[in-house]
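Asks: Provided herewith is a single structure, encoded as structure tokens, for subsequent inquiry.
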Amino acid sequence: GNHDRDLEIHFKPFNMSDKDRYSFDEGNARFVALNSNHPGDPDQIRWLDGVFTDAGDKWRICFFHHPLYSSGQHASESHDVIRPAFEPALVRNHVDVVFGGHEHLYERVRPQEGGIRYFVSGGGGRSLYDYRKSPFDEIDARFVALNSNHPGDPDQIRWLDGVFTDAGDKWRICFFHHPLYSSGQHASESHDVIRPAFEPALVRNHVDVVFGGHEHLYERVRPQEGGIRYFVSGGGGRSLYDYRKSPFDEIGVSEHHFMVAEIAGDRLFFEAISQQQKVIDCGVLYRRAGAKPDNDTTKWLSQCEASRPRIVTTQ
């Protein structure tokens, strides 16, 4: 980017002769850095047209300072200068993903021409810029963190009652330490303390999904009051707790793991992955009742089912 292009530390590891542009392979990906300070440079575009010729089916990932799509204070520059200069070459070279900065904010853009995905990540520390949502933006969720160490705090519940007022039809996702539904050694605390304190407010605010921890195990709960889905993911490394299946559970296992979740419009894809990099659980949640999987989702679900173990829960 234009803030670091003269610092040797960014270029020395690659033994580069040209700081304006360079490429390198890592795993199954080719990374290409461009100089967006000179978007009209024809030599740079000719170089870009040749740099992927032997990339085969590798991921094609570009990164440079100025974004092509932006909803911050430089939006007009992105639209009028950067996008016309780079987008045609990115499309004809079948680039998959582009990372940019410049705007002091975060933005994930819907797939644009050629199916390219764009990210803007410029909130690394300097003063932030105002964000004004654009039609191409893909921020479809509101995340709310609560303090479950103080479940009886009335100020927190009043705050929760207001935090979703302008969320519209976004996903409404809450996360906090103590689970409302639990089949581990803290099950009685979940039932007697946490659930009565939080569940009424979660239901009346139409929350979709709640992530918790505390129990050192993995648990996915059937839809509860208000259709809310609950996950317990506490198997990050400490000693595990015994899992005793409850009637509200869809799946549970006492195993070290981590979770991956991705939102794509009305779909939330989730996976729980074991320490051995094996799939413990996976699936898709839908934001709207009655939604049906499209072809891509159906294919993903087939792969999910093929990789999912047939877990026998411990009693």
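Asks: Identify all residues within region 83-99 that are crowded, with 19+ Cβ neighbours inside 10 Å and either at pLDDT below 95 or of a type in the set (D, E, K, R) (or both); write none if there are none.
Replies: Across region 83-99, the qualifying residues are Arg83, Glu87.
Asks: Right, another one. Does at least one position in region 69-86 carry a residue that is part of a strand (DSSP E or B) and under 28 Å from Ile263 (Cβ atoms)?
Replies: no
Asks: Under the condition of being more than 18 Å from the chain's Cα centre (by Cα) and among the aromatic types (Phe, Trp, Tyr), which residue from region 162-184 is surrounded by the fewest Cβ atoms within 10 Å (Cβ to Cβ)?
Replies: Per the stated criteria, the residue is Phe164.
Asks: Something else: Going by the structure shown, is Asp130 touching a residue at least 60 places away in the same chain (Cβ under 8 Å), over 30 Å from Asn93 (Cα atoms) and assigned to a loop (DSSP other than H, G, I, E, B)?
Replies: When the stated conditions are applied, Asp130 does not pass them.
Asks: Any idea which residue in region 185-222 is nearest to Cys174 (Cα to Cα), counting only those that are touching an Asp or Glu at 6+ places or on another chain (Cβ under 9 Å) and part of a loop (DSSP other than H, G, I, E, B)?
Replies: Applying the filter and picking the extreme gives Asn205.
Asks: Please specify each residue of region 246-267 satisfying the condition of being more than 25 Å from the chain's Cα centre (by Cα) and exposed (fewer than 14 other Cβ atoms within 10 Å of the Cβ).
Replies: Once the filter is applied, which keeps residues that are more than 25 Å from the chain's Cα centre (by Cα) and exposed (fewer than 14 other Cβ atoms within 10 Å of the Cβ), region 246-267 yields only Pro247.
Asks: What tally of residues in region 224-233 results from selecting those that are in contact with a strand residue (DSSP E or B) (Cβ under 9 Å, 6 or more places away or on another chain) and surrounded by fewer than 18 Cβ atoms within 10 Å (Cβ to Cβ)?
Replies: 1
Asks: Shifting gears a bit: Which residues, taken from region 275-300, are touching a Phe, Trp or Tyr at 6+ places or on another chain (Cβ under 9 Å) and either farther than 15 Å from Gly236 by Cα or surrounded by fewer than 18 Cβ atoms within 10 Å (Cβ to Cβ) (or both)?
Replies: Gln275, Asp281, Cys282, Gly283, Val284, Leu285, Arg287, Lys292, Pro293, Thr297, Trp300
Asks: Please work out which one of (1) surrounded by 17 or more Cβ atoms within 10 Å (Cβ to Cβ); (2) within 25 Å of the chain's Cα centre (by Cα) is the condition Gly236 fails and give its number.
Replies: All conditions pass for Gly236, except number (1).
Asks: Quick check on Ser183: is it in contact with a Lys or Arg (Cβ under 6 Å, 6 or more places away or on another chain) and either of a type in the set (A, V, I, L, M, F, W, C) or farther than 17 Å from Leu268 by Cα (or both)?
Replies: So Ser183 fits the description; yes.
The values are calculated or read from the model by the stated rules, or taken from the named source; none is laboratory data. For clarity, every value in this text was computed on a predicted model and none was experimentally measured. Note that each Cβ is placed from the backbone with ideal geometry, even for glycine, and that neighbours are counted across all protein chains shown.
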